Structures are given as C-alpha cells and as structure tokens.
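See structure below.
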Amino acid sequence: MSPRKEHCAPCWGCGQLIALPPESVPAGKTAEEIYFTCGYCWVLNAPQPQKEKIEGEEAVLCRPGERKASRRRWKHTLAMAFGRAMTLCIPGVVIFIGLDGTLVFFPILFPEFPNQIGLRHLLALALAGFFEFHVLWNFAAVALRAPGSPQRGVDFGTKQAGAAGRLASFSLCRKCTAPRPPGAHHCSVCNVCVYDMDHHCPFVHNCIGHGNRRSFILFLMYSTAGCSYAMAMFSYGLLQDSAARKMLLRSVKKTPSMGPVVDSVAPYLIPVIRLARSSRTAEMCVLLGVNAWALLFVGGMLASQIWRVSRNTTYLESLREGKGQPGKAAQLVTWRQALVNLRRTLGPPLSWLQPRRGPLPLDQGGWPEPASVEPARLDHAAVEEEQEEVVEVVDSVASDGLA
C-alpha cells in the first residue's frame, strides 16, 4: 500500500521525498509539521512554516504581515541602539566606581592617605586594580570577539550533497539558508546563526556562544568578586568613620520606646537617615547601594551560567528541551562530571588570572570545535537528473493523491 500524501515530506538535505510511518505522524498533522530525521542523509528536518493562502483582492487588503515586519524592524533598531549604548556605559560605570570609590573611600578608611603610603594601602589599591582590569578585559573580549557562525553557501538538497553522512545531525536555518550543527541557533538581532548559542546579551551587544562564552563567564566572575570586595570595603569604611559611629551610638541611646517591633528596627533606620545629612557618608551609601544591586544581578547571572555549563547545555537548549523539541540535550551529571565540564569550558583556575580571548583549545582540555560541513564535489549533470526525477515523483503524487 502506498503511503498517504500527509505522511510524506521533502528532505532539505538530500532533496528526496521521505515517507514516514503512519504511527509517527500525530493525528491532525502532516509530515511537514513535525520533526523527523532522514534515513538517507541523517539530517534533522524541522517543521516548515505554513504560508497563508490569500486569493484575489484579499492580498491587497491584508496588512498584518507588514505590521509585524515593521514591529520587528523597530525592535531590531532599538536593540542595536541599546546594545551600542551599553558597550559605552558599562565600562564607564566600572571606571567610575573604581575611581570614585578610591577617592571617597580611602580618606575614610585610611586618614593618613595619601600623605603616608604603606604596604596595606598598596595591597588595597592593587586588589581593586586587579578586579577593575579583569572586568574591563573580559568585557572587551566578549563584546569584540565573534561567537562563531556556520559557513554559508554550502551545497545541499541533492543526493550527492547528502551522501556519506556529510550533513548528518545538521538542521537547516530557514533564515540563513545554511546547514547548522546541533546547538547552533539563529539570532534575530545579529541576523546570523551562532555556534552553541546561549543567548544574545544586550549589555555586551553580542551573542554568547562557543567563541566568547568563557570570557563572558569570567566577566561575571570578576564582576561578582569586584562588587563583593567593594561592598566589604565600603561597609568597613562606614564603620570606621568616627562621625558615623558616634551618630550610631547616640541614636541608639536616644531612641524612645515605640514597641518591641519598632524598637528592634529603629536603631538601624534612624542612623541611616541621620548619616545621609553628611555628603561624604551619603555618597558612600549610594556606592554601597549600587554595588549591592550589581552584585545581585551579576551574581544571579553567574549562578545560572555555572549551572548550565556544568550540565553542558545552554539557555536556548534548555528552552527547547522544555518544549519537547530535539536538540543538544542537557546531561544528568554527577558532581565530578560537572567539575569536568566546568574545567573544559573555563580551564584550570590558574588560567583565569591570565588575560585571554576565545575558548580553551582542545589540546589544553577544552571542548572540540563545532562541526562543519565538508565541501561537496557535485556532478552537475547528475544533480539535474535527480531534480527532474524528484519533480516527476512529486507531480505523480499530486495527481494520484498519494506520496
């Protein structure tokens, strides 16, 4: 018995019409609306977008597609403008916190600075400069390095192009019209497919993928460590301020009794209000608040990245896994395997101290390079014959109502 038409779909890799088992096609759907792997070239075929049929004068009156395209263009323009602004603002904020913290904080913590400079002053400045340098270096490494994209202009769609497993496990990007390996996704902002894409980060104006994910995680690590160091120093500076300490003790002694709950909170709220009257102390409180917000934001991103790297997956792949779509599945790993995955991505801890761009090489224990497509040696005469045969088969299926 010949297969039904709704159980057949063309394969983008080899160009053949593939007949699927009836039990593999859900009720109410066709073969073109599900994921399946071709048994000849072993490529992954994704559901094809369904085109709306518009006839007659309705094509002139229909405008939703144009409105959607206009909204996409506006979103793309805003995303590009925001990304460019962030690449200038974030380094400026990092430099501002470093300089302002040094100028405001050091006279409070070290009253003799800068008239007398000792070893503790040099150590505190060196540690602050160390964090500042690595944050800026890794930020530049993420923003300026391409994450890696599949090659365009690759031959596919014929038997010869899909022979010998040349495109095995690849899928087709409908926007780039190019084969891509597992884990690669299309970025609508950059308009390219990215190897092992995690997400598009608007704060670095770049995609996070195979080529710059290590630098991105190190940027988050040094930012978290720098914010923690700054918060510790600012808090210690507030406690070292003699005027602040006197106000704190005086406010605790003079606070009237307002109930057990209010009495427990008032000794901490009233000193803050009184401390704000001092411009120097108020500036310290502002810097402390900015660092606290940055620490929560960056620390949360770092925790999520460490979790996904330990499972050898990405943010986009976890979304696909949640929707039941095929892709690069996350690993259910033990803590030993998680440490191995982290080491293969970030390298040994001592290598984190070295300014470096790009992923860890394979000979140093890193991940292998993403799969690429070998150039195909096509016989153009044979390709034309294959295309004619496919056209004849499709015509016969359409005329007979069979696949």
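The values are calculated or read from the model by the stated rules, or taken from the named source; none is laboratory data. What you see is a predicted model; the values in this text were computed from it and never measured. Surface areas here come from the heavy atoms of the whole protein model, side chains and all, with no ligands, DNA or RNA. Shrake-Rupley method; radii C 1.70, N 1.55, O 1.52, S 1.80 Å.
Residue 32 sits with roughly 70 Å² accessible to a 1.4 Å probe, with DNA, RNA and ligands left out of the calculation. Our note on the geometry: Cα centres of region 337-351 and region 286-316, 18 Å apart.
Keeping all protein chains in place and using 1.4 angstrom, which order do 70, 310 fall into by accessible surface area, from largest down?
70, 310
Note on residue 96: accessible area approximately 110 square angstrom, rounded to 10, probe 1.4 Å, nucleic acids and ligands left out.
Give the ranking of 90, 208, 117 by solvent-accessible surface, highest area first, calculated with a 1.4 Å probe. Don't skip to the answer; put the middle values down first.
Working: 90 40, 208 0, 117 105 Å².
I get 117, 90, 208, largest accessible area first.
Ligands, DNA and RNA aside, residue 112 has an accessible area near 50 Å² when probed at 1.4 Å.
For the residues 367, 335, a 1.4 Å probe over the protein chains yields an accessible-area ranking, largest first, of 335, 367.
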